[in-house]
C-alpha cells in the first residue's frame, strides 16, 4: 500500500496501538513485529463490521532518512470471518497487504507536496503526500488498522457460490399493473350532427 491508497480513517476509533518514537530509531533502522490480542481483535471486528478477526499481525521496518523522513516498509496479515453475499454462508478470508510509506514531521508535510517544476518552469506532477509523524511518534498500530480495513473485501463471496433465482415462477396476475386489465377504454360518443340550415 502506498500513500495515495490509504483511506482517511482519522474519525475511526483505533483499538490497536503500538507506537514507535522516531528519536529512538537507530541509524541502522528498527524492526518491529506486532500482534493484536483477543480484545483488540474483537474491537477490530466490530468496527469493520465482520463476524470476527481470527488473527491480525504486522511486521515493520523503519529506516531513518534525510530531512527527518522515516521510510516504513512492512506487511499486515489477518484472517477475518465474513458472510458470503450470495449464499449467506460463513466464510473465512485472508488479508495480506504490503506497506511502503514515507513519514515526515506533520509541520513539514507541505514542503513535500510542492509541484515539481520542469525545465520550462511549468509545474509538473505533485508528489504523493507523506504520512505525518505526530509529536515525534509513528503509531504502527493505527497504520496496521488502516491497512487491514482497506484490505477487507466489502463483498465476500465463496468461490463456488452461484446466485439462483427463486424456483417458483411469478404469478402473471401478481404485478403492479395487473389491475389495469380490468379498465376498458370507452370510445367517445359520436358527435351529433347539426341540422342543415336552408
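Quick note: the coordinates plus some simple rules give every number you see, no bench work behind them. Every value quoted in this text rests on a predicted model; they were computed, and no experiment measured them. Please note: Cβ atoms are built from the backbone with ideal geometry, for glycine as well, and neighbour counts cover all protein chains shown.
When you look at residue 70, is it touching a residue at least 40 places away in the same chain (Cβ under 8 Å) and in contact with a strand residue (DSSP E or B) (Cβ under 9 Å, 6 or more places away or on another chain), yes or no? Taking the combined requirement at face value, the residue satisfies it. Within region 134-147, the set of residues being over 16 Å from residue 73 (Cβ atoms) and assigned to a strand (DSSP E or B) comprises 134, 137, 139.
Taking region 77-90 as the range and being closer than 15 Å to residue 153 by Cβ and either in a strand (DSSP E or B) or free of Cβ contacts under 8 Å to residues at least 40 places away in the same chain (or both) as the test, the residues that pass are 77, 78, 79, 80, 81, 82, 83, 90. Note on region 8-47: residues that are touching a helix residue (DSSP H, G or I) at 6+ places or on another chain (Cβ under 9 Å) and not in a loop (DSSP other than H, G, I, E, B) amount to 9. Does residue 59 qualify as being farther than 24 Å from residue 158 by Cβ and surrounded by 15 or more Cβ atoms within 10 Å (Cβ to Cβ)? So residue 59 passes the test.
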